[in-house]
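In what follows, a structure is listed as structure tokens, so that the remarks can point back to it.
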Amino acid sequence: MTKNKDGMRYPSIDKLLSKIDSKYKLVYAASKVAHIIETEKLKVEDTQCVKSVGVALEEILNDKVKINFES
């Protein structure tokens, strides 16, 4: 699989917003997941993105991360 090194074209914001209904919540969730990936030095398999934020967004899109927001 070819890695995406060209920036944030994948995953699509429209597809991501079908998972999390707010851009602000999406940014918050992606930053938290990316932080966990980096600090725990996790190896995530089968991703197209190279950077941790892109990998986090892919994980959110593929329903591999469960996120609950308080009201």
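Each value in this text was obtained by applying a stated rule to the coordinates, not by laboratory testing. This one's a predicted model, so the numbers in the text were calculated from it and none came from an experiment. FYI the Cβ positions are ideal-geometry reconstructions off the backbone, even for glycines, and counts take in every protein chain you see.
Residue order for Glu58, Glu38, Glu70, fewest other beta carbons within 10 angstrom first, comes to Glu70, Glu38, Glu58. Seen against the Cα atoms of the chain and their longest principal axis, helix 52-61 is set at about 60 degrees.
Full extension of the chain segment joining Phe69 with His35 gains 10.5 nm, where the gain is 0.36 nm per residue of separation less the Cα-Cα distance.
Close amide H pairs (under 5 Å, H built 1.01 Å from N) link Cys49 with Asn4, residues at least 5 positions away or on another chain. On a 0 to 90° scale, report how tilted helix 23-39 is relative to the longest principal axis of the chain, with both axes built from alpha carbons and the result rounded to the nearest 10. Orientation of helix 23-39: about 50 degrees from the principal axis. Of the labelled figures (1) 33, 25, 16; (2) 38, 27, 17; (3) 29, 23, 20, only one reflects Cα extents along the principal axes in Å as derived from the coordinates, namely (2).
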